[in-house]
Structure formats: structure tokens, C-alpha cells
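S.K.: Starting off with a structure, shown below.
We did not get these values from a lab; they are worked out from the coordinates using the rules stated. From a predicted model like this one, the values you see are computed outputs, not experimental measurements. Neighbour counts are summed over all protein chains in view; Cβ atoms, including those assigned to glycine, are modelled from backbone coordinates with ideal geometry.
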Amino acid sequence: MKKSLLLFSLFILFCGNVVSAQKKFSLKLHVPSGISPERLEIFYNTGNSRVVVKPVFNNNKLTIAGEFYTKYASVSINYYSSDREVLYGNDFWVTEKPAVITFPEVAVPAKDSSAYEQQLLVSLRHPALINAGDIGRMGDDQLNNFLAAARKEVAAYGAAHAEKIEDKDSEERKMYCEKLQAVESRKIQFVTENSQLYYSLWFFLNDLVYAGQTVPEGYKGVTVDSLTSLFNRIFPDDAKNSFEGKMIRKVLKGRALEKGAPAASFSALDLGGKKISLHTYKGKYVLLVFWATWCAPCIAELPAIKEIRSTYSTDELCIISVSLDTDIPKLKKYIKDNNMNWLQIGRDENLISTYGVSGIPSVWLIDKEGKIAYKDKEESADYNKLPVLKNILKEHLTAK
């Protein structure tokens, strides 16, 4: 009964008519005295982009204002230790009504670092909210409780059979993948049972549809077809027609793109502000690489991309890298320091969703006719060296 009452209250609060017009929000953030701004990370999601906020406070206060297209703007606040371990992280929903998030003052002086840190974390976990919703309270906590047993089983089995799980042909690997699949099944059960809840739509987009996972080979996850069918079956019409609903369909369509299908057209600005359009390069092969400076597998793959660039003329092959970084100065420095002398696009949510990118690196080859000639899921052994891609290029292009 308690669970049903909670769901009903959430439905009343968050499941009105969903609109997708551009809206504006304003949020005042109050933090405790003595907090280190350099250890805070603040950003918000508009539905179209992720905007990083520089934590510059005036008397421990910061005003954040921006635009958003989803039903709510989601604001993320993370606090790190001195060695960049996440000590606190939470997301908040805000609307067009002026919002305030106030973290209680810490009684212990900041100079008493150990005691201050402990009390600070207590403060961060108990904010006072005006016209703001704590996503943990709005669904995350309930979902985590729903998944707790299945996740605990995965963790315990993984710890007990860590070495054998590394063997992709072992029975332990197979069993581990089945337990991972059980977690996904519980997620689907949760959103199915609570499909009238806005949180379920938000979670469906950000986890089941969008979020990438590092999982062992053999784990299939949830297929695009099954996600599409589930979305069409369980969500009400206002959710399907919302900005979030349209984004879900767009991302799933991108994820469904397969070899031989026409590539999705796009236009975007490079890091120098110049417009780049896919149709401009018809008659050439185009290598499209989604990556980030903080992505270790992307960096491991970089030598292979450089080798490809040096092997083939720009008259035959155009390389376009799309970074998911939000720190543009840092990105530009990395590109310069590593001699990445090909077209570079900064974080572009429209392009990311158009190709259904849910994990990076994500590498696509588009042929002269504008059709998909390769997706990096074709790689298996030595995937960082991209041997399958190199063989395709060798077959169709002439080395310098």
C-alpha cells in the first residue's frame, strides 16, 4: 500500500501534459561556507545539450539560468574528494518557476578538515528545496530498491568467479551474463508497472535507451526492436508525443542503423565554427568517430585512426571526429597536442542522438553513395586496432 501511495503522489506531481516548447528556468543555489568550488561539478541538461556551469559563488550563492525543452530541466551537482573520487552526486528537476536549492550550513569550521568533510556530506544529502524535485526521491530510490537483490547477486557472482568470467567460453561467463540480463529485466518490469510515472519515461531514455555499458562479450542487453515495441506498448500518448518521447524514437532509429542502410544526414559546426554537412562529402568515404578525451578505449584507438589518416588521401577519405567533451578549451588543447589533423566537432547532442550513440568509442564508415559500410561492432579481436575497418578501406581505397 505504501508503494502504491508513493506512485500515485508522484503521478499527480509529475505526469501532467508534457510539452516540448523551449522554456526557461532559474535556480538559486546556496552552498555551505568553506566548500571548495574546484571540487564541485555542476551542469544541466536542456534535452538538446549538456551545459557545464562554472562554480563561481558570491557569498556562497550561485544563480543558474538556462533554457530547456524537456518537461523538466535536470540539474546535476557532484562533489569530489581531492583525488577526484565522487563523494556526493544528485540530480534535481526544475521547471519554469524560480527554484531554490539550499544545502544547510555546516557548524564545524572548514579548518577542521576531517570533521568538516563529514558534516558537509550530511548537509549535501539534506537540501531544502523550493520548486525543485530531488530525482532520488522522485523515483531513483524506489528503482534502486527494486533492483537491489538482482544487483547484489551480480556483484557477488562476479566477485566469486572473476577469473573464470574473463574466459568468454566459460559457463561462468554465460551465467554472469544471464544475471546481468536479469537486472535489465527488472528495469523493464519497473517501467512497465510504472509507465504513468514521468520518472519511468526519463529513466527509459537515459538508461535503457541512451546509457552505454561496459559488459562482457556474450551479454546482449536489450535489443532495439524490443525497446521500440516496449515504448510503443506501455507509455501513454502524451509521453510518446513529448520531447522525450520524440528523442527516444530518434535515438532508437539511430541505433537501428545497420550496414548497407543510408546514413543519417547531419549538419553541425566544427570547433572553428565552420558548418559541416554530410552531403558535402558525397563521392568520398567518410569515417565518423564519436569519442572523448576522458574515454580510455577512445584514446587506445587513436593510433589506429591516425594510421588511417596518414594512409589515405583526403581526396578519398574524410575523417570527422565528434567529441563528447564539455570542456572545449581542454578538448582543443588535446587535439593540438596529439596532432589530430582532421575535422573536429564538439559535443553535439543532435548528432549523437541521430546516430543512437550510447557508448564510445563509436566508429562508422559511410561509403561514396552515402550508405553505411561499417560499424565498429564488427570488430572483435584487437578491436582497438580496427582490423576489420582497415581491410574494408584497403579493399575500396588506394593508399598514398
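S.K.: Residues with beta-carbon under 14 Å from that of ASP348, excluding ASP348: net charge, scoring Lys, Arg +1 and Asp, Glu -1?
M.R.: +2
S.K.: Taking H placed 1.01 Å from N in the peptide plane, check which residues at least 5 places from ASP325 or on another chain put their amide H under 5 Å from its amide H.
M.R.: Residues meeting the criterion, in which the H sits 1.01 Å from N, are THR293, ARG347.
S.K.: Something else now. In what sequence, highest mean first, do 142-149, 116-123 appear when ranked by Cβ atoms within 10 angstrom?
M.R.: Top of the packing list down: 116-123, 142-149.
S.K.: Among 320-326, 51-57, 299-305, 283-289, how do they line up from the highest to the lowest mean number of other beta-carbon atoms within 10 Å?
M.R.: The packing order, highest mean first, is 320-326, 283-289, 299-305, 51-57.
S.K.: Hey, got the dipole for the chain? About the Cα centre, +1 on K and R Cβ, -1 on D and E Cβ, debye to the nearest 20?
M.R.: 1020 debye
S.K.: As a test of the formula, what do you get for the chain when each DSSP H run with n ≥ 4 contributes -39,500 (n - 2.57) and the sum is divided by the residue count, at 222 nm and rounded to the nearest 500 deg cm²/dmol?
M.R.: Helix-only estimate at 222 nm: -11500 deg cm²/dmol.
S.K.: Could you work out the relative contact order of the chain, using alpha carbon pairs under 8 angstrom and six or more residues apart, expressed as a whole percent?
M.R.: 14 percent
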